[in-house]
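Enquirer: Right, I'll just put the structure down here and ask away after.
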Amino acid sequence: MTGSIHIGVGGWTFEPWRGVFYPEGLTQKRELEFASRALTSIEINGTYYSTFKPDSWMKWRDETPDGFVFAVKASRFCTNRKVLSEGGESFDRFLSQGLTLLGDKLGPINWQFMGTKKFDAEDFEGFLKLLPREKDGVRLRHALEVRNPSFATEQFHDLARKYGAAVVYAVDDEEPTWPRIDEATADFRYARLMSSREDEPTGMTADELDAVANQARAWAEGGDVFAYFISGAKVRNPAAAVALIERLKT
């Protein structure tokens, strides 16, 4: 069965979007309400830097429509460490802050690693063993965003597959050394598209968006897809996401 395709951007608070994506005069407190009706998902990035109170998670859940899904970026204190397998306490702190209050609006958790983090099979398997499959009765799906060329190996793909974690397909034209790993290692796919351009009103050309749409459809044959326009020409990312959503309707 074909999976659902969720398309969005990173975060929802960005001043240059006001008057471009957000209508003139829209109050900041209604930006999530607006964005969640124009897009089908958003990756919460603030969780990489800090934790949030349960009230925030419940507020985000209640302001968004049925069917909307949040991806959550894992804390840097979990991933920016010399020995990943020793981060159990940080994992517990991150996962216990209230994100499960999103309920069925909780999508994948993106565990992003710095470009200096090299693949160490033993330590990385120790890290994967720490990732719970559920918490508070809510399923947890894990995605791994690696940025060092050493991860471009079957051994890493096999480890991700063994633990049911998706490998993030990350595209950034300005970072040619990042591995572009397009491997099915879980029952969902996760993509971060970082190549939007300011001279294109929709961030990418029509042909480029068509290619992304075709790729998303192909991924969806194996399960749900979560794709986010991140970085690049950030001011254009909502337009790119909306244009991609429209293409996927046909």
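Enquirer: Looking for whichever is of a type in the set (G, A, S) and under 24 Å from I230 (Cα atoms) here; the options are S85, S75, S90, S96. Which one fits?
Expert: S75
Enquirer: Oh, and also: Within the stretch 106-121, how many residues are open to solvent by 40 Å² or more (accessible area, probe 1.4 Å) and out of contact with any Ser or Thr (no Cβ under 8 Å at 6 or more places or on another chain)?
Expert: Here the count works out to 2.
Enquirer: Filter the stretch 82-105 for residues that are without any contact (Cβ under 8 Å) to a residue 40 or more places away in the chain, hydroxyl-bearing (S, T, Y) and open to solvent by 40 Å² or more (accessible area, probe 1.4 Å) and give the result.
Expert: S96
Enquirer: Any idea which residue in the stretch 70-81 is farthest from I7 (Cα to Cα), counting only those that are crowded, with 21+ Cβ neighbours inside 10 Å and hydrophobic (A, V, I, L, M, F, W, C)?
Expert: Looking at residues that are crowded, with 21+ Cβ neighbours inside 10 Å and hydrophobic (A, V, I, L, M, F, W, C), I get C78.
Enquirer: Would you pick out the residues in the stretch 190-227 that are farther than 17 Å from E174 by Cβ, outside any loop (DSSP other than H, G, I, E, B) and open to solvent by 50 Å² or more (accessible area, probe 1.4 Å)?
Expert: Scanning the stretch 190-227 gives A206, D207, D210, A211, N214, Q215, R217, A218.
Enquirer: I'd like to check which strands (runs of 3 or more DSSP E) are fully inside the stretch 61-179 and have at least 1 residues that are modelled with pLDDT of 95 or more and among the polar types (S, T, N, Q). Quick ask: steps written out before the conclusion?
Expert: Numbers: elements: 69-73, 106-112, 142-145, 169-171.
Here the list reads 106-112.
Enquirer: Suppose the filter is under 22 Å from R192 (Cβ atoms) and touching a Gly at 6+ places or on another chain (Cβ under 7 Å); does R147 pass it?
Expert: Taking the combined requirement at face value, the residue satisfies it.
Enquirer: Kindly check whether there is at least one residue in the stretch 228-246 that is in contact with an Asp or Glu (Cβ under 8 Å, 6 or more places away or on another chain), without any contact (Cβ under 8 Å) to a residue 40 or more places away in the chain and open to solvent by less than 60 Å² (accessible area, probe 1.4 Å).
Expert: There is at least one residue in the stretch 228-246 that is in contact with an Asp or Glu (Cβ under 8 Å, 6 or more places away or on another chain), without any contact (Cβ under 8 Å) to a residue 40 or more places away in the chain and open to solvent by less than 60 Å² (accessible area, probe 1.4 Å).
Enquirer: State which residue is least open to solvent (accessible area, probe 1.4 Å) when the search covers only the stretch 1-26 and only residues that are farther than 18 Å from A191 by Cα and of a type in the set (S, T, Y).
Expert: Y22
The values are calculated or read from the model by the stated rules, or taken from the named source; none is laboratory data. It should be emphasised that the depicted structure is a prediction, and the values quoted were computed from it without experimental measurement. Neighbour counts run over all protein chains shown; Cβ positions are idealised from the backbone, glycine included. The protein model used for the area step is the full one, side chains on, heavy atoms only, and it has no ligands, DNA or RNA in it. Shrake-Rupley method; radii C 1.70, N 1.55, O 1.52, S 1.80 Å.
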